[in-house]
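Everything on this sheet refers to the single structure shown next.
What follows draws every value from the coordinates through simple rules; no lab data is involved. Quantities reported herein were computed from a predicted structural model and do not represent experimental measurements. Please note: Cβ atoms are built from the backbone with ideal geometry, for glycine as well, and neighbour counts cover all protein chains shown.
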Amino acid sequence: MNPAPHPVRLWQGRERYTVFDSAYGDGSRAAALIAAWRNDPERPARLHIVALAEGLLPGFHRIPQQDPGVTLDLLNAPLDAALAQLSARLDFIQLSGLRGPNTGFARALARLAAVDARLVFDWLEQEQVAALMAQGFIFEGGGARFASRKPRPVLPAMPARKAIVIGAGLAGCAAAERLCERGWEVTLVERHAAPASEASGNLAGIFMPLLSRDDNIPTRLTRAAYLYALRYWETLGGIGNKIEGAACGVMQLARDADHAQASRAIAAAGRYPREFAEWLEEDAATQALGLPAPDGAWLFRQGGWARPGSVCEAMLDACGARLTRRFGAGGVHLERIGDEWEVRGADGVIARAATVVLASGAASTQIAQAARLPLSALRGQVTHLDAATLPQLPFVLCREAYLTPAANGIACAGATYDLDADPRLRAASQQENLERLRALVSSPTAGVDAPLRGRVGFRCVAPDRLPLVGALPDFDAAGSTERLREVPRHPGLFSLLGYASRGLIWAPLCAELLAARLENEPLPLETNLVDALDPARFVLRARRSGRNPPMFAPD
Ligand SMILES: Cc1cc2nc3c(=O)[nH]c(=O)nc-3n(C[C@H](O)[C@H](O)[C@H](O)COP(=O)(O)OP(=O)(O)OC[C@H]3O[C@@H](n4cnc5c(N)ncnc54)[C@H](O)[C@@H]3O)c2cc1C
């Protein structure tokens with residue numbers, strides 16, 4: 001009898017190799033695989049491990065790895081649900097502990113299996129073997145081989161590993177870093193002389209998860225982004241070290257008794273680990289904060305604040321020599337010449353590449369190919385306060401507004417949401433921030449006589465407040481398409497836009513998702529979450545509602 005197939009014998013000479021394991025367990029099998037990959041001179045350039053794991057929050061989790069050639073995705077979901085939401089081409093499938101009548105996974109595996117993929121198992125019921133055979137798996141030796149003649153969906157051709165990224169804020173710097181890590185040559189084009197000069201230029205941004213009773217798509221997306229960002233920042237050197245800020249926790253006060261009641265229901269349904277989200281009743285919240293918390297509060301212990309500019313700097317440092325900075329290059333426009341995009345500025349051609357990523361924030365609709373995206377620039381003013389005049393906070397504190405703990409003697413209170421385009425600081429916005437601040441810290445005198453100090457920025461906001469990650473739709477060529485996958489796109493032109501008020505946490509995961517897509521890797525998110533970020537969603541929504549893409553409307 002032939003021995004059971006093993007990835008190490010099969011991956012040699014391959015460019016990339018993807019292993020699916022239905023039971024991550026204690027991680028020892030994945031660790032052994034990675035060790036074997038490291039030690040094999042004939043290893044594939046990229047190894048992807050996708051494994052079902054328990055003990056994590058629900059959903060897909062991409063776990064950053066030391067080796068840039070390795071990705072590890074842990075999926076906390078039942079097998080059938082995980083496979084149904086997985087975008088990957090599997091070369092090797094390990095099934096463990098599948099006792100029971102379930103055969104639904106066979107069809108999903110057949111959708112994901114590469115031609116000639118191998119399957120091994122510790123046990124399969126007869127019905128499961130039959131279901132797999134019906135889907136094209138041939139059992140031989142100690143395993144099975146996928147030999148379906150059904151045509152496989154063709155993966156997009158891998159572009160040359162060369163890209164132009166427009167915009168050096170959180171979105172663009174993360175894109176540059178994720179692509180350089182994968183061996184891409186990146187030209188980062190920015191109209192200012194330095195990175196993080198626009199929305200990403202605030203002294204402090206806060207990061208925390210979002211909760212909801214029905215664990216809806218925005219909640220699941222922000223959870224995935226938040227958890228990935230926490231892990232990713234560690235790889236850059238960590239918050240409070242390489243990155244200016246503090247993972248001091250965020251306390252979110254309940255607005256009123258109804259909000260508290262809803263929060264209790266979320267806490268009971270979510271059963272979150274304490275470090276992720278803990279609901280505190282009035283006494284506990286007041287004691288932890290040292291200030292009144294009359295309706296209770298959420299405590300997000302891993303949350304905190306960071307200076308976005310320092311995150312950008314850390315990401316650019318991590319790019320190394322593969323990054324070319326073309327800063328101070330304004331008036332950019334794009335022209336398609338042959339198979340490439342030519343990016344031109346006021347002084348002529350800046351760069352050419354087959355792949356361009358628009359990470360240009362609130363100004364993006366000035367670029368012709370993005371002009372019809374339904375993005376709005378939403379003004380926000382943050383107030384900078386002398387921390388000595390305020391209560392000392394153990395956490396970031398928030399409700400309708402937020403207050404950060406002191407850094408260099410300054411606490412940040414914010415931020416306003418305004419529809420006008422005034423770039424100057426104004427007293428009325430400061431007043432708004434201070435009134436909310438007084439309610440937040442239960443002090444009628446907080447910030448009294450504070451001088452007009454702070455910063456104005458413009459958030460880039462889509463009507464559904466979710467980012468736009470993926471190939472840019474060609475609105476003019478869209479015709480009457482009904483499915484996302486059929487919407488015509490500008491070839492090689494991608495967006496990382498619409499990070500609204502959560503740029504810190506969106507930037508790492510959205511950049512990782514785009515890089516994974518460009519490389520035909522397994523995607524780090526569930527398919528329905530990937531689709532929720534697809535910029536082409538607005539083409540379909542506009543068609544369904546029979547009008548042009550909707551513009552942003554404030555709540
Ligand atoms: C007041 C305020 C408070 C906020 N608070 C928080 C918070 O607490 N937590 C949080 O996570 N997020 C917060 N945000 C949101 C966060 O700042 C943004 O989501 C994030 O900075 C967006 O990053 P970005 O890279 O998409 O955009 P930007 O940082 O604006 O970067 C876009 C870059 O593209 C450049 N650019 C544009 N067009 C061109 C062109 N044609 N050619 C060359 N360069 C171009 C711009 O100069 C700019 O540098 C806040 C935002 C504001 C305004």
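Each residue of segment 519-531 was assigned a 3J(HN,Hα) from its phi angle through the Karplus expression (A = 6.51, B = -1.76, C = 1.60, θ = phi - 60°), giving 8, 6, 8, x, 8, x, 9, 4, 4, 5, 6, 4, 5 Hz with x at Gly and Pro.
Nothing charged except the Cβ atoms of Lys and Arg (+1) and of Asp and Glu (-1): what's the magnitude of the dipole of the chain about its Cα centre? Round to the nearest 20 debye. Could the numbers behind the result be given before it?
Details: 60 positive and 59 negative charges, 232 e Å.
That gives a dipole near 1120 debye.
Hey, what's the per residue convex hull volume over the C-alpha atoms of the chain, in cubic angstrom? Before the final figure, lay out each step's value.
Numbers: hull volume 92.4 nm³, N = 555.
Cα convex hull per residue, to the nearest whole number: 167 Å³.
Looking at the P(r) of segment 146-204, how many percent of alpha-carbon pairs lie beyond 15 Å? Roughly 60 percent, rounded to a whole number. Scattering from the C-alpha atoms of segment 383-439 alone, worked out with Debye: what is log10 I(q)/I(0) at q = 0.19 1/Å? One equal scatterer on each Cα of segment 383-439 leads to -0.67.
Highest mean first, the peptides 223-229, 70-76 sorted by other C-beta atoms within 10 Å per residue fall in the order 223-229, 70-76. Cα-based radius of gyration for segment 345-425, normalised by 2.2 N^0.38 Å, reads 1.62. Short to long, the 10 Å bins of the Cα pair-distance histogram for segment 171-329 hold 10, 32, 29, 18, 10, 1 percent of all pairs.
Can you order the peptides 363-376, 113-126, 159-172 by their average number of other Cβ atoms within 10 Å per residue, highest first?
Numbers: 363-376: 19.0, 113-126: 17.3, 159-172: 25.7.
Result, highest mean Cβ count within 10 Å first: 159-172, 363-376, 113-126.
Sorted by packing (mean other beta-carbon atoms within 10 Å per residue), highest first, where do 231-241, 87-97 land? If you can, show how the numbers build up before the last one.
Details: 231-241: 17.3, 87-97: 19.9.
Going by the mean number of other Cβ atoms within 10 Å, highest first, we get 87-97, 231-241.
With Rg and the Kirkwood Rh both taken from Cα atoms, where does Rg over Rh land for segment 246-351? Don't jump to the answer; show the numbers that get you there.
Working: Rg = 23.8 Å, Rh = 18.2 Å.
My calculation of the ratio gives 1.31.
With Cα atoms as the point set, the radius of gyration and Dmax of segment 1-111 evaluate to 14.0, 42 Å.
What angle do you read, to the nearest 10 degrees and between 0 and 90, between the alpha-carbon axis of helix 28-39 and the longest principal axis of the chain? Between helix and principal axis, roughly 80 degrees. In sequence order, segment 310-323 has phi-based couplings of 6, 5, 4, 4, 4, 5, 5, 4, 6, 5, x, 6, 6, 9 Hz under the Karplus curve 6.51 cos²θ - 1.76 cosθ + 1.60, θ = phi - 60°, and Gly or Pro positions carry x.
According to the Kirkwood expression over distinct Cα-Cα pairs, how big is the hydrodynamic radius of segment 444-555, in Å? Don't skip to the end; give the middle numbers.
Working: mean 1/r = 0.0624 Å⁻¹.
Value: 16.0 Å, from the Cα pair sum.
Evaluated at q = 0.15, 0.17, 0.21 Å⁻¹, a Debye calculation over the C-alpha positions of segment 100-164 (equal weights, vacuum) places log10 I(q)/I(0) at -0.52, -0.61, -0.83.
Summarising the amide proton neighbourhood of residue 327: residues at separation of 5 or more, or on other chains, whose placed amide H is nearer than 5 Å comprise 190.
The Rg/Rh ratio for segment 11-72 is 0.97, where Rg is the radius of gyration of the alpha carbons and Rh is the Kirkwood radius. Which listed residue (363, 401, 450) has the Cα farthest towards the positive end of the charge dipole for segment 355-461, taking +1 on Lys and Arg C-beta and -1 on Asp and Glu C-beta about the Cα centre? After comparing all options, I get 363.
State the antiparallel share, in %, of DSSP beta bridges confined to the chain, rounding to the nearest 5. Please list the in-between numbers first.
Numbers: 56 of 98 bridges.
Expressed as a percentage, antiparallel bridges in the chain total about 55.
Loop only by DSSP, 11 or fewer other Cβ within 10 Å of the Cβ. Give me the GluC sites (Glu not before Pro) in segment 449-555 that pass, ordered by residue number. Counting only loop positions with at most 11 other Cβ atoms within 10 Å, the GluC sites (Glu not before Pro) in segment 449-555 are 482.
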